[in-house]
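Mind looking over this structure? Questions follow.
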Amino acid sequence: MPPLLMEAENLTVTYGSYAALKKVNFSVFEGEIVAIVGPNGAGKTTFLETVAGLLKPKEGSLKFRDRNITKLEPFQRRKMGLMLIPQEGNLFPSMPVKENLQLGAFFENKRSTEEILNRVYRIFPKLQDRTRQLAGTLSGGEQRMLAIGMGIAANVKALMIDELSLGLAPKVVGNLLSILRDLRDETGITLILSEQSIKALDVADRVYGLEAGEIRFTEDAQQLDRDLIKSLYLGA
Amino acid sequence: MTIRHNLPRLLLPFVLALPALFVFVGGYTQWVIGYLYLFIIQGYVAWLLFYKTGQSFYGYSATMALGAYTCVVLQRLTNVSPALQILLGALISALLAMLFFLSTSRAKGFYAGMASFLLAILIPKLIEALYPITGGRSGVQITGLDLLLGSDNYFLLVIFFTVVIVAFIAWLINTRVGKIFTLIAENEDLAQATGINSFKYKLLAYTVAGLLSGLGGALYVNYTGSISSVDINVFTSVSIFFIPLLGSKRSLYGPLVGSMFLVLIPELFSSIERYLDILYGLSYILVMIFLPDGIIIGVGRLLARLFSKIVPPKTLGNSS
Amino acid sequence: MVLQGLITGIIIGGILSLPVMGVALIYGVTGILNYAIATIGTFGAFTTWLLLPYGLLPAILAGLLTSFVIGFGIQQFLLNPLIKKKGNDLTLFFIITFGIATIVAGLTKNFFPRPTISIELPKLGTLFIADVAVDINKVIAIAIAFSILLVMRFLEKTTKTGKSWIATSQNLKMAKLVGINVEFVYSLVSGIGCILGFIGAFFWGVLYNLTVNTGWDLCFLGYIIAIVGGIGNVWGGMISALIMGVVISFAGYWLGGMWQSVALYVILFAILIVAPKGILGSERSV
């Protein structure tokens with residue numbers, strides 16, 4: 001079994017008196033693709049933003065690469081190799097595509113940035129044609145591509161992507177997912193995907209079911225009982 | 001509405017009237033107390049307009065100046081009686097506040113606040129430009145009511161006016177109109193959705209505030225017997241705006257406590273007058289950070305915490 | 001006379017534009033309108049004046065550094081924790097930074113031996129524009145004021161730090177996620193803003209007399225013109241500063257010194273009433 005990469009213990013996050021996450025326990029092993037599924041408002045975004053450091057938990061702790069990161073700022077977590085691509089507002093709209101990717105590779109030096117950018121361009125040739133175009137003027141699909149490209153450029157240990165498929169055609173989603181799986185097979189990157197649609201299950205190794213701020217189940221993706229998913233969305 | 005519930009409100013005029021006894025002490029102490037009362041008036045006006053009605057208005061020194069300088073100009077150019085001067089001062093100040101509101105009603109919160117802040121900068125400059133009549137920066141002397149009535153009598157009159165003004169404000173905020181003011185402060189959209197013409201009520205709030213602040217200014221210049229553009233500059237405005245915040249914007253006694261701190265503490269530190277700005281600046285920052293609810297509530301909480309260590313918290317909880 | 005007035009106006013406007021750009025820059029990145037920039041810059045200019053006997057360049061560097069350190073420190077240790085705790089509340093930060101300005105002005109008054117200073121630069125001669133003689137030092141002041149904007153754009157395009165402040169102003173959340181230490185960026189930009197305030201106050205001290213009160217005037221004007229020009233819009237701020245400079249100059253000719261500032265504030269007041277969002281609008285949604 002690969003070593004443990006990240007672990008959340010009893011994570012509780014509140015907005016005022018409303019608890020968005022209730023004592024969530026969660027763990028990811030190195031090189032895994034983990035999907036977090038659940039209906040709208042289940043707390044998926046809250047969870048990912050807490051792991052990334054944008055939100056501070058009220059209780060509980062977070063461990064990443066054997067270090068307690070609960071109190072670290074987002075940039076410190078990013079430096080340790082943890083990055084989140086949020087579902088919205090994940091670009092610098094008035095900057096050209098290339099500068100967005102460069103910012104994605106924030107901690108790389110000049111030479112390795114060039115290499116990494118070329119790798120991104122190999123994966124998404126479309127972006128190479130538009131390096132000088134402002135990110136805000138790209139089409140929806142291209143914007144998502146760029147956002148994921150920034151995540152790839154970041155060259156991190158663990159990449160979290162919030163709602164990869166939001167607003168995209170199913171075929172595009174399938175493509176992106178297989179690109180991500182190839183990336184994992186090639187580089188050993190750990191991926192955490194939150195998904196409202198269950199298409200992500202096709203590439204995931206393990207699945208967490210989240211509902212109303214609580215983890216309902218953890219299963220291997222292959223053995224997952226589809227009824228479990230159904231109960232998640234429709235209620236028991 | 002029980003008597004007990006209303007007690008703080010009913011008690012306030014008596015608390016405010018009590019220092020009239022300083023007339024038996026006399027001298028400089030009495031003078032400082034009277035001076036304090038002139039700022040208590042401004043503090044309550046700021047409380048009504050800024051905190052109770054939620055209007056970001058920083059121009060209190062401007063309305064105050066208009067009240068004061070109306071008296072100055074009328075005395076220098078005409079023969080109107082002092083009482084009429086004071087009345088006209090208050091009315092002109094009310095007019096300014098109304099015009100200000102009407103002209104900035106399109107701007108939202110912060111921008112209107114900045115416009116009023118500009119007003120507080122503009123009025124002293126105007127007074128300086130009109131120095132042949134107003135005395136400008138070096139100031140002007142007038143034969144104030146303190147000379148006509150005798151300083152003891154005028155001291156009592158200032159306290160009387162303060163009690164009346166504060167009692168009026170305390171009464172006003174508990175009427176239907178006052179409750180609408182509070183609703184506008186908390187959620188203007190909601191107020192409008194329930195069919196309240198918020199424009200009308202805000203206009204009323206500005207007018208009342210302008211009237212009372214101008215009255216306060218007119219009383220001020222009659223009390224001090226002289227005034228200059230420095231007395232009513234933008235720093236005066238910020239201090240006045242700060243009074244309710246310092247005391248507690250949530251308590252009826254907030255402006256009273258706030259003015260006491262703002263006027264009396266500098267008197268105690270008069271030996272280090274040159275460092276007073278620094279103390280003022282520090283107090284703005286410290287209060288905003290550590291006492292966002294003001295001294296009254298801050299001290300109240302501190303006492304409650306101390307007492308809860310001595311007395312079991314259960315008995316304390318019953319009283320609230 | 002019109003040309004003379006115009007030139008004087010552009011010089012005053014150019015100097016004014018420095019604290020204005022400081023306020024706009026800081027607002028664009030941090031979302032805070034910092035009131036204290038010009039008073040901090042004035043403190044720096046007084047420092048320069050105090051150290052002039054040790055040479056012009058060291059004195060200027062000392063003033064620059066002092067302003068930067070004060071601006072950086074205040075942001076890092078006071079404003080950043082407050083933003084974290086209370087978010088961007090314009091009124092709150094108006095009062096807090098007004099308090100800072102009051103403290104710094106008080107320190108300037110007490111710390112330096114003289115209340116009025118004038119910074120003597122070596123005379124470089126005069127330049128003739130048509131028939132109007134202009135002191136070369138004034139030309140240098142203007143050239144520096146205008147080139148600041150270019151320097152800033154250059155930094156933004158070429159350095160990682162410059163890029164990270166642009167990124168922070170465009171998308172705070174994503175800036176945090178890609179690994180930018182936004183609090184450090186805030187502090188850095190505040191320090192730079194105060195340097196702009198310093199350059200403004202310094203040239204004021206070179207061309208006219210600098211007192212604690214003129215520091216306050218630069219402060220009011222820097223803050224208000226930044227709002228009038230379109231809160232956080234650097235170009236708008238610069239253009240309004242130039243217009244206001246010309247207004248001050250001509251009002252001085254036609255109305256005399258006392259009415260000069262009255263005219264200026266009346267116009268600012270009128271603009272704020274007519275176009276509360278500023279002349280060019282805001283680069284950042286409030």
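Of the conditions (1) modelled with pLDDT of 90 or more; (2) within 26 Å of B:Leu256 (Cα to Cα); (3) in contact with a Phe, Trp or Tyr (Cβ under 8 Å, 6 or more places away or on another chain), B:Ala94 satisfies every one except a single condition; which number is it?
Unmet condition: (3).
Just wondering, is there one or more residues in region C:67-80 that are within 14 Å of chain B (Cβ to nearest Cβ), loosely packed, with under 12 Cβ neighbours inside 10 Å and either part of a helix (DSSP H, G or I) or out of contact with any Leu (no Cβ under 7 Å at 6 or more places or on another chain) (or both)?
Scanning region C:67-80, I find at least one residue that is within 14 Å of chain B (Cβ to nearest Cβ), loosely packed, with under 12 Cβ neighbours inside 10 Å and either part of a helix (DSSP H, G or I) or out of contact with any Leu (no Cβ under 7 Å at 6 or more places or on another chain) (or both), so the answer is yes.
When you scan region C:2-10, do you find a residue that is assigned to a helix (DSSP H, G or I) and within 26 Å of A:Leu55 (Cβ to Cβ), even just one? Step through it out loud before you land on a result.
Of all residues in region C:2-10, those assigned to a helix (DSSP H, G or I) come to C:2-10.
Retained after the next criterion (residues that are within 26 Å of A:Leu55 (Cβ to Cβ)): none.
No, region C:2-10 contains no residue that is assigned to a helix (DSSP H, G or I) and within 26 Å of A:Leu55 (Cβ to Cβ).
Among the listed residues A:Gln133, A:Gln128, identify the single one that is farther than 29 Å from A:Met6 by Cα, touching a strand residue (DSSP E or B) at 6+ places or on another chain (Cβ under 9 Å) and not assigned by TED's automatic domain parsing to the domain that holds A:Ala35.
Values: A:Gln128 fails: touching a strand residue (DSSP E or B) at 6+ places or on another chain (Cβ under 9 Å).
Result of the check over A:Gln133, A:Gln128: A:Gln133.
Being away from chain C (no Cβ under 14 Å), surrounded by 19 or more Cβ atoms within 10 Å (Cβ to Cβ) and in contact with a strand residue (DSSP E or B) (Cβ under 6 Å, 6 or more places away or on another chain) is true for just one of B:Val208, B:Val221. Which residue is that?
B:Val221
Looking for something crowded, with 16+ Cβ neighbours inside 10 Å, touching a Ser or Thr at 6+ places or on another chain (Cβ under 9 Å) and under 22 Å from C:Lys173 (Cβ atoms) - is there at least one such residue anywhere in region A:104-120?
Scanning region A:104-120 turns up at least one residue that is crowded, with 16+ Cβ neighbours inside 10 Å, touching a Ser or Thr at 6+ places or on another chain (Cβ under 9 Å) and under 22 Å from C:Lys173 (Cβ atoms).
For region A:54-92, which residues satisfy the criterion of being at the interface with another protein chain (Cβ under 9 Å from one of its Cβ atoms) and over 24 Å from A:Glu9 (Cα atoms)?
A:Gly89, A:Asn90, A:Leu91, A:Phe92
Please enumerate the residues belonging to region B:152-192 that are under 16 Å from B:Pro244 (Cβ atoms) and hydrophobic (A, V, I, L, M, F, W, C).
Matches in region B:152-192: B:Ile165, B:Val166, B:Ile169, B:Ala170, B:Leu172, B:Ile173, B:Phe181, B:Ala185.
Can I ask one more? Could you list, in sequence order, all residues of region A:47-60 that are modelled with pLDDT of 95 or more and either of a type in the set (Ser, Thr, Tyr) or over 27 Å from C:Ser164 (Cα atoms) (or both)?
Hit for region A:47-60 is A:Thr50, nothing else.
Does at least one position in region A:93-102 carry a residue that is surrounded by fewer than 22 Cβ atoms within 10 Å (Cβ to Cβ) and away from chain C (no Cβ under 12 Å)? Break it down stepwise before answering.
Taking region A:93-102 and keeping what is surrounded by fewer than 22 Cβ atoms within 10 Å (Cβ to Cβ), we get A:93-96, A:98-99.
Narrowing the set further to residues that are away from chain C (no Cβ under 12 Å) leaves none.
Taking every residue of region A:93-102 in turn, none turns out to be surrounded by fewer than 22 Cβ atoms within 10 Å (Cβ to Cβ) and away from chain C (no Cβ under 12 Å).
Same structure, new question: Looking at this structure, is A:Arg111 touching a helix residue (DSSP H, G or I) at 6+ places or on another chain (Cβ under 9 Å) and more than 11 Å from chain C (Cβ to nearest Cβ)?
The answer is no for A:Arg111.
Also, I was wondering about something else. Tell me which of these B:Leu38 doesn't satisfy, since it passes every other one: (1) on the phi > 0 side of the Ramachandran plot; (2) buried (at least 19 other Cβ atoms within 10 Å of the Cβ).
Just one mismatch for B:Leu38, condition (1).
Looking at C:Ala24, C:Ala101, C:Ala105, which is the one that is within 14 Å of another protein chain (Cβ to nearest Cβ), hydrophobic (A, V, I, L, M, F, W, C), touching a Gly at 6+ places or on another chain (Cβ under 7 Å) and in contact (Cβ under 8 Å) with a residue 12 or more places away in the chain? Break it down into steps so the answer makes sense when it comes.
Values: C:Ala24 fails: within 14 Å of another protein chain (Cβ to nearest Cβ); C:Ala101 fails: touching a Gly at 6+ places or on another chain (Cβ under 7 Å).
Among C:Ala24, C:Ala101, C:Ala105, only C:Ala105 is within 14 Å of another protein chain (Cβ to nearest Cβ), hydrophobic (A, V, I, L, M, F, W, C), touching a Gly at 6+ places or on another chain (Cβ under 7 Å) and in contact (Cβ under 8 Å) with a residue 12 or more places away in the chain.
Can you list the helices (runs of 4 or more DSSP H) lying wholly within region B:53-138 that have 3 or more residues being of a type in the set (Ser, Thr, Tyr), more than 8 Å from every other protein chain (Cβ to nearest Cβ) and within 16 Å of the chain's Cα centre (by Cα)?
Where helices (runs of 4 or more DSSP H) fall fully within region B:53-138 and carry at least 3 residues being of a type in the set (Ser, Thr, Tyr), more than 8 Å from every other protein chain (Cβ to nearest Cβ) and within 16 Å of the chain's Cα centre (by Cα), they are B:60-77.
Within region B:269-309, count every residue that is charged (D, E, K, R) and facing chain C (nearest Cβ under 9 Å).
The total comes to 2.
If a residue must be out of contact with any Leu (no Cβ under 6 Å at 6 or more places or on another chain), of a type outside the set (A, V, I, L, M, F, W, C) and buried (at least 16 other Cβ atoms within 10 Å of the Cβ), how many such residues does region A:200-209 contain? Before the answer, list the steps.
Narrowing region A:200-209 to residues out of contact with any Leu (no Cβ under 6 Å at 6 or more places or on another chain): A:201-202, A:204-206, A:208.
Among the residues that remain, those that are also of a type outside the set (A, V, I, L, M, F, W, C) are: A:202, A:205-206, A:208.
Of the ones still in play, those that are also buried (at least 16 other Cβ atoms within 10 Å of the Cβ) are A:205-206, A:208.
Residues that pass the stated criteria total 3.
List the residue pairs whose Cβ atoms are under 8 Å apart, where the first residue sits in region A:131-143 and is surrounded by fewer than 18 Cβ atoms within 10 Å (Cβ to Cβ), the second is among the charged types (D, E, K, R), and the two are 6 or more positions apart or on different chains.
Correct list of pairs: A:Thr131/A:Lys98; A:Arg132/A:Lys98.
Report, ordered by the first and then the second residue, all pairs with beta carbons closer than 7 Å, sequence separation of six or more or different chains, a first member in region C:250-271 that is at the interface with chain B (Cβ under 7 Å from one of its Cβ atoms), and a second member that is charged (D, E, K, R).
Cβ pairs passing all conditions: C:Met258/B:Glu128; C:Ser261/B:Lys125; C:Val262/B:Lys125; C:Tyr265/B:Lys125.
Can you work out which of the residues in region A:172-199 that are under 30 Å from A:Thr14 (Cα atoms) and not hydroxyl-bearing (Ser, Thr, Tyr) is surrounded by the most Cβ atoms within 10 Å (Cβ to Cβ)?
A:Leu193
Table: residues versus (1) assigned to a helix (DSSP H, G or I); (2) hydrophobic (A, V, I, L, M, F, W, C); (3) in contact (Cβ under 8 Å) with a residue 12 or more places away in the chain.
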position: A:Asp182; (1), (2), (3): yes, no, no
position: A:Glu186; (1), (2), (3): yes, no, no
position: A:Leu191; (1), (2), (3): no, yes, yes
position: A:Ser194; (1), (2), (3): no, no, yes
position: A:Lys199; (1), (2), (3): yes, no, yes
position: A:Tyr208; (1), (2), (3): no, no, yes
position: A:Ile215; (1), (2), (3): no, yes, yes
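Testing C:Trp235 on (1) surrounded by fewer than 24 Cβ atoms within 10 Å (Cβ to Cβ); (2) within 14 Å of another protein chain (Cβ to nearest Cβ), one condition comes back false. Which one is that?
Exception for C:Trp235: condition (2).
Among the residues of region A:177-212, which ones are of a type in the set (Ser, Thr, Tyr) and touching a strand residue (DSSP E or B) at 6+ places or on another chain (Cβ under 7 Å)?
Keep residues of region A:177-212 that are of a type in the set (Ser, Thr, Tyr), which gives A:178, A:187, A:190, A:194, A:197, A:208.
Across region A:177-212, the qualifying residues are A:Thr190, A:Ser194, A:Tyr208.
Another one. Just to check your reading of the model, which residue among B:Glu267, B:Glu273 is free of Cβ contacts under 8 Å to residues at least 60 places away in the same chain, surrounded by fewer than 20 Cβ atoms within 10 Å (Cβ to Cβ) and of a type in the set (Asp, Glu)?
After ruling out the rest, the residue left standing is B:Glu273.
Additional query: Does A:Ala169 count as surrounded by fewer than 16 Cβ atoms within 10 Å (Cβ to Cβ) and of a type outside the set (S, T, N, Q)?
The answer is yes for A:Ala169.
Okay, moving on. Confirm whether C:Thr91 is crowded, with 24+ Cβ neighbours inside 10 Å and closer than 30 Å to B:Gly54 by Cβ.
No, not satisfied.
So which of A:Arg111, A:Arg132, A:Arg122, A:Arg144 ends up being part of a loop (DSSP other than H, G, I, E, B) and of a type outside the set (Asp, Glu)?
Values: A:Arg111 fails: part of a loop (DSSP other than H, G, I, E, B); A:Arg122 fails: part of a loop (DSSP other than H, G, I, E, B); A:Arg144 fails: part of a loop (DSSP other than H, G, I, E, B).
Unique residue meeting the criteria: A:Arg132.
Has region B:242-254 got any residue that is over 26 Å from B:Leu10 (Cβ atoms) and within 14 Å of chain C (Cβ to nearest Cβ)?
yes
The values are calculated or read from the model by the stated rules, or taken from the named source; none is laboratory data. None of the values given here were measured: they were computed from a predicted structure. Please note: Cβ atoms are built from the backbone with ideal geometry, for glycine as well, and neighbour counts cover all protein chains shown.
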